[in-house]
Amino acid sequence: MSVAELARKYYPRLWDKSRLEALAAAGRLTEAEVREIQAVESRGSAKTEALVRAAYELFQDYAELSPKLASDLMAGGPQAQARCQDCRARLEGGAALSAAMGESGLLPAGACRLLEIGQRGGTADAAMDKIARDLSEDGEAALEDLVNRVEPALVLVCSILVGLILLSVMLPLMHIMSAIG
């Protein structure tokens, strides 16, 4: 996929030529306003394309390292590794990021929808930040819930062990005291 195709796919123009012509024909924009919007749009498109080109080059560098990183990170989880490989295959096949992550099971449906909306609006980075925060909070809540379930059992086990240690010390002392006295 070329840089221009990536730019068109993930950062669609809000003011394409047909939309501007329709607004001008309806009398909502003057010719001067149309020319001004087109000038701003062309400058913005050049900047967007430069940003996408830089991101694409970074992505290419990452793509070379990703199999090793994925295998290192997912060494203990064959299911997670299979999901990552499935997602990568879908991305290489031309699927959108949100669709690939959803269909491969890497993200829940709500997060995929948020990412899709972010991609359409050109705010995919903010959507990914929100998804990362939400998933992090969910993970912390699940871990806290697990700790809250295990903690009473650990307290009970420790109390029983301390009681057994006390009995093992006190019973012989009580036996000696009864024999003396």
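The values are calculated or read from the model by the stated rules, or taken from the named source; none is laboratory data. Bear in mind that the values here come from a model prediction, so they are computed numbers and not experimental data. Positions of Cβ are generated from backbone atoms using ideal geometry, with glycine treated the same way; all protein chains shown enter the neighbour counts. Surface accessibility is based on the protein's heavy atoms, side chains included, excluding ligands, DNA and RNA. Shrake-Rupley method; radii C 1.70, N 1.55, O 1.52, S 1.80 Å.
What the table below lists for this structure:
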read-out	value
Some residue of segment 131-151 being under 30 Å from residue 78 (Cβ atoms) and surrounded by 14 or more Cβ atoms within 10 Å (Cβ to Cβ)	yes
Neighbours by Cβ (under 8 Å, 6+ apart or cross-chain): first from segment 89-112, farther than 22 Å from residue 135 by Cα; second open to solvent by 60 Å² or more (accessible area, probe 1.4 Å)	90/103; 94/1; 95/103
Search result, residues across segment 80-110 that are among the small types (Gly, Ala, Ser) and open to solvent by 50 Å² or more (accessible area, probe 1.4 Å)	82, 89, 93, 109, 110
Residue within segment 147-165 that is β-branched (Val, Ile, Thr) and over 57 Å from the mean Cα position of the chain (by Cα) present	no
